[in-house]
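Starting off with a structure, shown below.
What follows draws every value from the coordinates through simple rules; no lab data is involved. Because the structure is predicted, anything quoted here is derived from the model rather than measured. No Cβ is skipped: glycine too gets one built from the backbone with ideal geometry, and neighbour counts run over all protein chains shown.
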Amino acid sequence: MLSGDNFTEWKEKVLLTLGCSDLDLAIRVEEPPKPSESSTPDAKAYYERWERSNRLSLMLIKAHISQSIRGSIPNSDKVKAYMKAIEEQFVSSDKALASTFMKRLSSMTFDRSHTVREHIMEMRDIAAKLKSLEVDMSAPFLVHFILNSLPSEYGPFKISYNTHKDKWSINELLTMCVQEEEKLKHEIPESVNLVTHDKRNAKKGKSIPMKKKGIVDKDSCHFCRKKGH
């Protein structure tokens, strides 16, 4: 359904549907002269085909426009003119939508509220929407956009890319970022939680010895630092 912010995608699917149904003649060519009694059978058949295409195309297009929008579009009994009226109404909204997508893409940062894979896929989706609005973005440019959206923990990873001779594709960047995310998860030191009796001791005025930060052996308990449990 044409809802107001999906005109480009909607138009593409409507034209595909009409083309596959062999109903797009009235959109592709102007109305032929109406046949008279002296017209040839071929001319009469061609006009009947055009008239059928025009009538059914109008029905299909109007059926796929939401009621809130249909009333604002100037009506026409010719599908080509009706399609042009729709396009003229939504060309300005497409420009505004493209501007909104650009602002959103340029301000995106990876905040760990979801995985880095989901973050990159979201940025790719916005880039695809921009492309449908005729705002094309090259793959290397999008790669830099994605890298700039990563936090400081990915600093060495960014340096590695900048010093790398070959340029990465989006899929290669996605794979590398997922691997880097897993690496960073294992490198973050485990935080030591305070147990309940320590909180009670603190309330009584007893001092709580501070545990020294350091690298913990993977086979050791993160609390007592002993092995075996």
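For a protection proxy built on the mean count of beta-carbon atoms within 10 angstrom, sort 9-16, 157-164 highest first, please. Before the final figure, lay out the partial values.
On the way: 9-16: 14.8, 157-164: 12.1.
Output ranking for 9-16, 157-164: 9-16, 157-164.
Just check the stretch 108-187 against the gyration tensor rule for me: Cα atoms, a ≥ b ≥ c as the square roots of the eigenvalues, rounded for a/c under 1.5, and otherwise prolate or oblate depending on whether a/b exceeds b/c.
Oblate.
Suppose the chain between residue 106 and residue 51 were pulled fully straight at 0.36 nm per residue; how much longer would it get relative to their current alpha carbon spacing?
Here the answer is 15.0 nm.
Give a quick list of GluC sites (Glu not before Pro) in the stretch 109-178 that DSSP marks as loop, anything other than H, G, I, E or B, with at most 11 other Cβ atoms within 10 Å. Don't skip to the answer; put the middle values down first.
Values: sites: 118, 122, 134, 153, 172; in loops: 134.
Answer in residue order: 134.
Quote the FRET efficiency, to the nearest 0.05, computed for residue 34 versus residue 11 with a Förster distance R0 of 25 Å and r equal to the Cβ-Cβ distance. Let's see the in-between values first.
On the way: r = 29 Å, r/R0 = 1.16.
Working from the Cβ atoms, E equals 0.30.
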